[in-house]
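All remarks here apply to the structure that follows.
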Amino acid sequence: MPNAGSGISPRSRLRLSIGRHPRDLGKLGLVGGLLALSALLVLVPANPVELAISQQLAAIPPAADPAWVALTWLGSWAGIVGVVVVAGYFGWIRVALLCGGSGALTWLIAQLMHQVLGGGFPSEEVALVTVLSVVATAYLGSVARYLGWALTLLVAVAVVHLGMHLPLGAVGGVLLGWGVGLLSHLVWGAPGRRVSDLVIFDELEQAGLAPVSITALRHRLLQPREFAVDTVDGPTLRAKVVRRLSRRAGAWYKIKRVLMVLDVRDEPRLSSPHHEVEHEAYAALLAARAGVRTPPVVLACDVQYAPALLVVQEVSGRRLTELAPGEVDDELLEGIWRQVGKLAEARIAHHDLRAKNILVDEGGGPWLLSFTFSHPGADEARCAQDLAEALVSVASVVGVQRAVASAIRVLPVEALAAALNNVVPLALPRRIRKQAELDRYFLAELRETLADRLGLPIPGFRSPVRPTTVIGLVLIGAAVYLLLPELSDTRAVVGALRHAHWGWLAVAVVTGFLAVLLSSISVQGSSRTPIPFWRTLQVQVAAAFTGRTTPGGAGFFGLNVVYLERLGLRRPLAVGVTLLNQAGTGAVAFLVALVGVFAVGLTGTFSRLSLPGWPLLIASVAVVVVAAGLLISPLGRRRLLPPVLEVSAELLETLRHPVRALQLFGGALGYLVVSGLGLAASLAAIHPHFSWAGVTIVFIIGNTLGHLVPSPGGLGAVEAVLLAGLGAMGIPATAAITAVLLSRFLTYWLPVLPGIAMFRYLQHRKVI
């Protein structure tokens, strides 16, 4: 890859890149808030942690004190003058003026804060070193920036070690200096904040491309800048400037993958914008060599004092999103699928085949653009995911029927069958799903149409439980169930387990499996279309495995949806049945808990229950206000309110059908009550004197609230709420802990074992 040239002097390039960035405004707000919080903390006595840190730093051997004192001189007027003189000597007049002005402003603010707050907050020495580093190192590169922060840290240690300030004063100095430095960047600008077309023009000229003119094209916020470049003899070029990484595999991306029920490969992370540009150029060259029509790559380089640059030849035409459905004929659709097929043959997964990245030239031929997210050397799973993304994109423009029909005419059945498994929301990136957001059932229709045209069943449910999931679940469970006895006396808990009444424990085991039976009856009542009882019961036994070992019960939801689809229900109906079942169970739990608490409370069962009065009332009102505000907001009206209203209407409609209502609500009530009796039976094996109704109400509340926590089976949260409820009833701690441990194991986790066997059996029989 060519390196940046030197047609424009480095200082000129630096000057041309000076600008402002909105991100600095957000940083300034954050720093200002932290500084205000630190100032408030100064008003209270120093905490023991701060004093302990001061003592540890004061214990540094005094032999190095002269070096520490010299460091503090950098945070004085001598340091300001020194930076100004050095910058002026090397001709950096702008840097000298900004450092002098920012340093003086920081010193004045520090003196003012000393007068208002008293004492030594903030440390002016640390503040001055910080502001000088922030302002000056912006012109010197990333290495100088790291060295500047290291110097700031050393000065902070020096002022604390020498007893000039407490640690909080040093922190305040860092925040003050950083804030003034950010303010300087916002007011006067800083290098690297602006993309200069002159720098890009000079870079292209030195690469031998002979540019004549360069025109900035319209761009969106956070998207790469693009320029159209006219050359002397060659074709028109398109230059893309990549300021920040487009492909990331950050925390949120990984959390979504944890909650998934499909095996979808993560996108490998890139290290820098220059790496991204090189990767895109490499993938585009490989695709072109395989016969894929993509604009030829002309240049890829890292530009001095400007973002990384990718230059390709411009192809005249319109994006697929700019064409009306009538303008997209069958020949064009088949051409698109041939290009996608060539990518798969070359084992290149594009992973960004949005409709806007498909260009139709003036002759009606398709071109594939933007290989930013591509993966050369892809395996069959990645290629299948890539084809699924292309199906969604094309269908969003021309409709499901035409997209599927044209793909079947061109692509192998095996490839389309593999892609079928990936036409589900969780398997598709946000950038692909966004194309189909106007139609709630778009993906379901595409998936079902593709399955029908291929003569294949809708793909079965794949277990979301992986070895890492099992290991994590076992470790978390072990931690929870080993720590719970520590709340009481571990020996007493072990003794209670040894002397537990086996008859009551057998009853608890029976309630666990009886609850699964009642759950299947509730699922039957959720469907308008009659569904078989025994097969539904088998699926609910399997759901005891998939639902209780996945965060938020995702496995329960996915398993039932696939089962209902296999019975012939369209996916929207299958999803609706499962949501209705969950909503019905939640409504019954809320009513039983509300009525039961007041009814049992009148008997004095919750004798040790104490509520925090006004704080609880204020918190409840706040939750209601936030929930109401969210529902009436534009996002709530568009995304949250319609499903809530739809499910509520379905619940009311169910009441008009006595048999269905009895199945849905009676099954849900039976499931909750029988599960609560499992906790009561476990407690009866340890502690015979208690209110069975009260324990059942405690279980319903604990089970409902605990499962709001997105951990497998509400692990940890359910146990905590149950212990609190039993404690409010006056149950001794040893008996309560033992009963909770027994009931959770016997009634909740034990049914997972037959659930595993049933899951494998149903998979073999093609039921799920």
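The values are calculated or read from the model by the stated rules, or taken from the named source; none is laboratory data. Because the structure is a prediction, the values reported are computed rather than measured. Glycine gets a Cβ as well: all are built from the backbone with ideal geometry, and neighbour counts include every protein chain shown.
Structure notes:
- Considering residues of region 273-312 that are part of a helix (DSSP H, G or I) and charged (D, E, K, R) only, the residue surrounded by the fewest Cβ atoms within 10 Å (Cβ to Cβ): Arg289
- Boolean, Gly730 is at positive phi and either assigned by TED's automatic domain parsing to the domain that holds Leu497 or not in a helix (DSSP H, G or I) (or both): yes
- Residue in region 529-537 that is at pLDDT below 80 and either farther than 26 Å from Gly576 by Cα or part of a loop (DSSP other than H, G, I, E, B) (or both) present: no
- Within region 314-348, the residues that satisfy the criterion of being in a helix (DSSP H, G or I), crowded, with 18+ Cβ neighbours inside 10 Å and out of contact with any helix residue (DSSP H, G or I) (no Cβ under 7 Å at 6 or more places or on another chain) are Leu332, Gly335, Gln339.
- Test: residue in region 84-91 that is within 41 Å of the chain's Cα centre (by Cα) and on the phi < 0 side of the Ramachandran plot: no
- Checklist (1) modelled with pLDDT of 80 or more; (2) closer than 18 Å to His689 by Cα; (3) surrounded by fewer than 21 Cβ atoms within 10 Å (Cβ to Cβ) applied to Ala728, failing item: (1)
- Scanning region 144-164 for residues that are closer than 23 Å to Leu30 by Cβ and buried (at least 24 other Cβ atoms within 10 Å of the Cβ) turns up Thr152, Val155, Ala156.
- Tally, over region 408-445, of residues that are touching a Leu at 6+ places or on another chain (Cβ under 7 Å), buried (at least 16 other Cβ atoms within 10 Å of the Cβ) and free of Cβ contacts under 8 Å to residues at least 40 places away in the same chain: 5
- Ala544 meets all of the listed conditions (1) closer than 17 Å to Phe759 by Cα; (2) of a type in the set (A, V, I, L, M); (3) surrounded by fewer than 20 Cβ atoms within 10 Å (Cβ to Cβ) but one, namely (3).
- The single residue among Phe461, Phe442 that is under 30 Å from Arg354 (Cα atoms), aromatic (Phe, Trp, Tyr) and modelled with pLDDT of 75 or more turns out to be Phe442.
- Per the listing Leu343, Leu285, Leu368, the residue uniquely in contact with a Ser or Thr (Cβ under 7 Å, 6 or more places away or on another chain) and either of a type outside the set (Asp, Glu) or modelled with pLDDT under 90 (or both) is Leu368.
- Restricting region 699-720 to residues that are free of Cβ contacts under 8 Å to residues at least 60 places away in the same chain, crowded, with 21+ Cβ neighbours inside 10 Å and over 14 Å from Thr549 (Cα atoms), the residue that is nearest to the chain's Cα centre (by Cα): Val718
- Scan of region 517-528 for residues that are outside any helix (DSSP H, G or I) and surrounded by fewer than 21 Cβ atoms within 10 Å (Cβ to Cβ), ordered by number: Arg528
- For region 37-91, residues that are of a type in the set (A, V, I, L, M, F, W, C) and either part of a loop (DSSP other than H, G, I, E, B) or not assigned by TED's automatic domain parsing to the domain that holds Gln115 (or both) total 6.
- Output for region 178-211, where each listed residue is out of contact with any helix residue (DSSP H, G or I) (no Cβ under 9 Å at 6 or more places or on another chain) and either of a type in the set (Phe, Trp, Tyr) or farther than 30 Å from Thr231 by Cα (or both): Val187, Gly189, Phe201
- Filter result for Ala405 (surrounded by fewer than 22 Cβ atoms within 10 Å (Cβ to Cβ), small (Gly, Ala, Ser) and more than 25 Å from the chain's Cα centre (by Cα)): yes
- Residues of region 80-123 that turn out to be under 18 Å from Gly181 (Cβ atoms) and touching a Gly at 6+ places or on another chain (Cβ under 7 Å), as a count: 7
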